[in-house]
Amino acid sequence: MSAAILTPDQQEFQEYARRWLAENAPPTPSERLPITPLEVMTVGQRDYLQGWQRKCYDAGLVGADYPVEYGGRGHEGFQRIANMEMSRANVPFLINVVGLNMAAPTILVHGTDAQKRKFIPGCLSGEDIWCQGFSEPGAGSDMANQQTRAVRDGDDWIVNGHKVWTSLGHFAKWMILITRTSKGHKYDGLTYFLAPIEGHEGVTVRPLVKITGESGFNEVFFEDARVPDAYRLDEVGKGWAVAMTTLTYERGAAESAGGGGGERVHPTQRLIDLARDTWRDGERASDDPVTRDAIVQRAIVAEGLKQNGRRARVEALCDHPMRLPLQQKLTSSEFVQHNTRLGVEIAGARSTLYKLDERAPEEGYWPLAYMNSYGHTIAAGTSEIQRNILGERVLGMPKSK
């Protein structure tokens with residue numbers, strides 16, 4: 001974001017955020033952090049990242065644009081600046097990714113005043129970690145095929161069902177939950193809840209170990225679990241519409257409550273460093289013209305993504321409100337996969353060395369990142385689903401059969 005397009009207040013905030021991040025960078029954690037929040041496994045990782053989010057929140061870098069009465073700072077256009085400065089500073093990511101990017105903005109749109117006051121402040125500070133209860137064994141790409149049921153019982157709802165791929169479920173206090181509350185049309189019979197998870201009777205969380213050996217994923221079982229009607233978000237039967245709001249934020253089509261951090265090295269530079277450190281037949285991989293060309297191709301895509309992000313913030317350049325955000329989600333997730341695959345190819349036989357091998361390049365980053373990259377092309381709608389949405393809703397093409 002160029003300083004030329006910032007208001008005086010925004011420019012002052014940018015300078016403050018940059019200065020604060022330089023002065024308050026957290027110490028090196030005592031244990032290795034995962035690549036993204038979705039792979040946080042241990043209590044030590046959680047505590048370190050939760051403490052960092054709280055510190056950023058207290059400094060006004062999280063929830064900057066949210067109303068003061070709901071725990072925010074009441075500004076306009078400050079959150080994007082904070083996110084960019086956190087990314088620029090290469091500080092750790094914020095752990096409460098579901099709370100910040102999905103729960104808080106959805107509650108702000110659909111919640112009652114009491115719900116906003118109760119739930120949003122904990123999302124922003126990181127005190128209350130959230131998870132997402134959308135996917136089921138039979139409801140992944142076909143999200144409307146929900147089989148988890150909620151039956152009204154006085155002031156409560158009795159919930160029974162099975163959710164899967166529940167990132168951060170093992171640390172979550174709350175879940176954004178879609179349930180089926182009627183047997184009518186599958187899109188009209190859904191209701192959305194803010195469901196208590198941690199220590200709640202009738203709720204069981206079990207880890208799912210991925211090919212990487214990490215267990216940030218979970219499955220969650222509801223067995224006659226009670227959820228108060230006061231925790232229902234919007235009207236009964238309006239769950240599909242509320243879920244679409246959540247997915248709009250999850251796919252990046254609207255501003256979230258906080259972000260930034262993550263990768264400490266630009267992805268192209270990381271590939272260049274790897275190529276310079278990799279030897280083949282007495283020559284560096286960086287001297288191979290084929291490898292150099294492959295890295296340049298990745299650099300071109302990276303620059304395109306950067307410029308598309310800038311373009312998406314200029315309303316006059318957006319011919320369709322969903323095109324650029326959906327295109328960006330599709331392209332960026334596949335960019336991660338292609339980048340990490342190239343890294344594995346450059347490392348060659350050394351890419352078989354994993355996290356505990358001291359000889360592994362970058363402590364085993366490349367095979368870990370490559371295996372994790374498949375989650376990017378599945379989460380928030382598979383690449384196939386994204387292409388269908390772009391074709392049908394943006395380009396106006398007929399539905400495929």
Within the stretch 73-86, restricting attention to residues that are touching a helix residue (DSSP H, G or I) at 6+ places or on another chain (Cβ under 7 Å) and outside any helix (DSSP H, G or I), which residue is modelled with the lowest pLDDT? Gly77
For the stretch 373-400, how many residues meet the condition of being in a loop (DSSP other than H, G, I, E, B) and closer than 24 Å to Gln132 by Cβ? 6
For the stretch 168-186, which positions are outside any strand (DSSP E or B) and touching a strand residue (DSSP E or B) at 6+ places or on another chain (Cβ under 6 Å)? Leu168, Gly169, His170, Ala172, Thr181
Please determine whether any residue of the stretch 87-106 is surrounded by fewer than 20 Cβ atoms within 10 Å (Cβ to Cβ), without any contact (Cβ under 8 Å) to a residue 40 or more places away in the chain and either outside any strand (DSSP E or B) or not assigned by TED's automatic domain parsing to the domain that holds Gln50 (or both). no
Residue list for the stretch 150-195, restricted to those being among the charged types (D, E, K, R) and closer than 28 Å to Gly375 by Cβ: Lys163, Lys173, Arg180, Lys186
Return yes when Arg226 is among the basic types (Lys, Arg), buried (at least 16 other Cβ atoms within 10 Å of the Cβ) and at pLDDT 85 or above and no when it is not. yes
Taking the stretch 26-62 and keeping residues of a type outside the set (Ser, Thr, Tyr), farther than 26 Å from His376 by Cβ and in a loop (DSSP other than H, G, I, E, B) leaves Pro27, Ala59, Gly60
Looking across the stretch 162-219 at residues that are surrounded by fewer than 19 Cβ atoms within 10 Å (Cβ to Cβ) and basic (Lys, Arg), the single one that is farthest from Val151 (Cα to Cα) is Lys210
Would you mind telling me which numbered condition in (1) surrounded by 12 or more Cβ atoms within 10 Å (Cβ to Cβ); (2) out of contact with any Asp or Glu (no Cβ under 9 Å at 6 or more places or on another chain); (3) modelled with pLDDT under 90 Asp281 fails? (1)
Across the stretch 124-163, the tally of residues that are closer than 19 Å to Ala103 by Cβ and part of a loop (DSSP other than H, G, I, E, B) stands at 9
Members of the stretch 352-372 that are touching a residue at least 40 places away in the same chain (Cβ under 8 Å), in contact with a helix residue (DSSP H, G or I) (Cβ under 6 Å, 6 or more places away or on another chain) and in a helix (DSSP H, G or I): Pro361, Trp366, Ala369
Condition check: assigned to a loop (DSSP other than H, G, I, E, B), modelled with pLDDT of 95 or more and of a type in the set (Phe, Trp, Tyr). Does Tyr66 satisfy that? yes
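The values are calculated or read from the model by the stated rules, or taken from the named source; none is laboratory data. Since we're looking at a predicted model, the values are computed, not measured. Because the Cβ atoms are built from the backbone with ideal geometry, glycine has one as well, and the counts that use them run over all protein chains shown.
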